[in-house]
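Q: Below is one structure. I have some questions about it.
The values are calculated or read from the model by the stated rules, or taken from the named source; none is laboratory data. Being a predicted model, the structure only gives us computed values, none of them experimental. No Cβ is skipped: glycine too gets one built from the backbone with ideal geometry, and neighbour counts run over all protein chains shown. Note: accessible area is taken over every heavy atom of the protein model, side chains too, but ligands, DNA and RNA are not part of it. Shrake-Rupley method; radii C 1.70, N 1.55, O 1.52, S 1.80 Å.
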Amino acid sequence: MIEHHPVIRSITARAVVAPLSRPLRTASGEIPAAPLLLIDIATKEGVTGRAYLFAYTRVTLRALRALIDDLSPLLIGKPAAPQDRARDMENTFRLLGRQGLLGMALAGIDMALWDVLGRALDAPVVNLLGGTARPVPAYDSFGLIDLKADAPRLEQSLKQGFKAIKIKIGGGELSDDVRVVRDVRKLIGENISLMVDYNQSLTAPEAIRRLQQLKAYDLTWVEEPVPAEDLVGHAAVKASGLVAVQTGENWWFAEDMSKAIAARACDHAMPDIMKIGGVTGWLGAAALAKTASLPVSSHIFVEASAHVMPVTPTALYLEYLDAAGAILKEPPQIVDGTLTARGPGLGMEWDEARVTKYAA
């Protein structure tokens, strides 16, 4: 038990480019390795909280690190109270707004603060949120598929107990999409949920044209068929009734989610814990999803997502895409197609030798 919140003493950030077990190819670009910013918040009481940001490209790493450095004076000396600090930052950046790299930095700080509290109490963050650590059903997340090369990996996913698999499509013509989806469906069988992700690569009319040919393969959802900001386009694809529409990984804070709900843009919601505002922002998004009856799945960030999904009323799937395992002492482990939160805090310890090896 702690009688008062730990007080922030310092905030440091380090950039790494960590190898991915499966480099990610999408219709909108390739991610061969994971550019990550590691955040450490040390307190006067001797507790250190950790979190990381997924920067998408090495180009943003230096700017993100500078943002963390420049935000630090606004936080040092204050209690490690995530809700209070989130409110402070919202007020501080009211005129600028919190989208983009600033929003990512603020979310990383929020996650690290929750980690501080969990470590101070020697408890997993999910317990602080009023839940318990439990196995969360996960889906295995693939990039663009080359069935000849990826068939063994898909078969391995089934052996690990995954009951759902997502593949990325849209890298070629409609005939390519149909061939890949048909072949993957045949390989995994009828009892495994199959989702597809266009990574914002189509127009609404083209998405509808392609889904007319793909609906026969019993798809659980089509993800971001059109650009993320095109709510009208998402709504048109949803209104076609061909395949349920999933979106949300590019919503900035709960306000963006609210706009998407008002536009009837989706059947499913996929907040990204880094873009939705960290653990604190996620709680607001989960409440919105409940009122809108939207099933919620997570996006990347498997470690933190395992803590917030059990307290999400409409939780569906955790996306299993291990971005940080290469720099963790104990990477998260899938058990029978599920992932369970670990503690204390968010349950992450940096492997310092690997952090040094992959420093950017």
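Q: Place a point 7 Å from Cα of Phe93 in the direction of its Cβ. Which residues in region 109-140 have their backbone N less than 16 Å from it?
A: Zone members listed by number: 109-113.
Q: To continue, here is another question. In degrees, nearest 10, range 0 to 90: what is the angle between the Cα axis of helix 82-92 and the longest Cα principal axis of the chain?
A: Its long axis makes an angle of about 90 degrees.
Q: Can you work out the Karplus-derived ³J(HN,Hα) for every residue in region 158-170? Use 6.51 cos²θ - 1.76 cosθ + 1.60 with θ = phi - 60°, whole Hz, and x for glycine or proline.
A: Listing the rounded values in order: 5, 5, 6, x, 4, 9, 8, 9, 10, 10, 9, 9, x Hz.
Q: Using label points projected 7 Å from each Cα along Cα→Cβ, tell me how many nm separate Leu74 and Thr12, to one decimal.
A: Label at Leu74, label at Thr12, 2.3 nm between them.
Q: What does the extension gain come out to for Leu187 and Lys215, with contour length at 0.36 nm per residue minus their alpha carbon separation?
A: This chain segment gains 8.3 nm when fully extended.
Q: Also, I was wondering about something else. Tell me, how many Å apart are the Cα centres for region 62-138 and for region 233-304?
A: When both Cα centres are located, 20 Å separates them.
Q: Apply the Karplus parameterisation 6.51 cos²θ - 1.76 cosθ + 1.60, with θ equal to phi minus 60°, to every residue of region 199-216 and state each ³J(HN,Hα) to the nearest whole Hz, in sequence, with x for glycine and proline.
A: Ordered by residue, 3J(HN,Hα) equals 6, 6, 8, 10, 8, 4, x, 5, 4, 5, 4, 6, 5, 4, 8, 9, 4, 5 Hz.
Q: Note down the nm distance, to one decimal, between modelled labels 7 Å out along Cα→Cβ at Glu206 and at Thr57.
A: 2.0 nm
Q: Any idea of the accessible area per residue across the chain, 1.4 Å probe, to the nearest Å²?
A: Using a 1.4 Å probe on heavy atoms only, each residue of the chain averages 41 Å².
Q: Next question. Kirkwood hydrodynamic radius, region 277-317, all distinct C-alpha pairs: what's the number in Å?
A: Evaluated on region 277-317, it is 10.1 Å.
Q: Let me ask you something else. Leaving out ligands, DNA and RNA but keeping every protein chain, what accessible area does Ser21 have, in Å² rounded to the nearest 10, with a 1.4 Å probe?
A: Accessible area, nearest 10 Å²: 100 Å².
Q: Check which residues have an amide H placed less than 5 Å from Trp221's amide H, if you skip close sequence neighbours.
A: Sorted by chain and number, the residues that satisfy this are Val196.
Q: A further question on this structure: Compute for region 1-77: radius of gyration divided by Kirkwood radius, i.e. Rg/Rh, restricted to C-alpha atoms, rounded to two decimals.
A: Using Cα coordinates only, the ratio equals 1.12.
Q: Amide H to amide H under 5 Å from Gly97: which residues, 5+ apart in sequence or cross-chain, H placed 1.01 Å off N in plane?
A: Placed amide hydrogens put nothing under 5 Å from Gly97.
Q: Suppose only helical runs count, i.e. DSSP H with n ≥ 4. What mean residue ellipticity at 222 nm does that imply for the chain under -39500 (n - 2.57) per run, divided by all residues and rounded to the nearest 500 deg cm²/dmol?
A: -12000 deg cm²/dmol
Q: Output the pairs from Lys163/Lys186; Lys275/Lys329; Lys166/Lys275; Lys148/Lys186; Lys44/Lys78; Lys163/Lys238 with a Cα-Cα distance over 19 Å in this structure; if there are none, say none.
A: Lys275/Lys329; Lys166/Lys275; Lys163/Lys238
Q: Under a point spin-label approximation (7 Å from Cα along Cα-to-Cβ), what is the Val232-Asp84 distance to one decimal in nm?
A: 4.6 nm
Q: Non-local amide H neighbours of Tyr56 (under 5 Å, H modeled in plane, Pro and chain starts lacking H): which ones?
A: When sequence neighbours closer than 5 places are left aside, there are no close amide H contacts.
Q: Can you run phi through the Karplus equation (6.51, -1.76, 1.60; θ = phi - 60°) for region 129-138 and list ³J(HN,Hα) in whole Hz, with x for Gly and Pro?
A: Once θ is set to phi - 60°, the couplings for region 129-138 become 7, x, x, 10, 5, 9, x, 9, x, 10 Hz.
Q: Can you compute the radius of gyration and Dmax for region 233-360, using only the Cα atoms, both in Å?
A: Radius of gyration, then largest Cα-Cα span, for region 233-360: 16.1, 52 Å.
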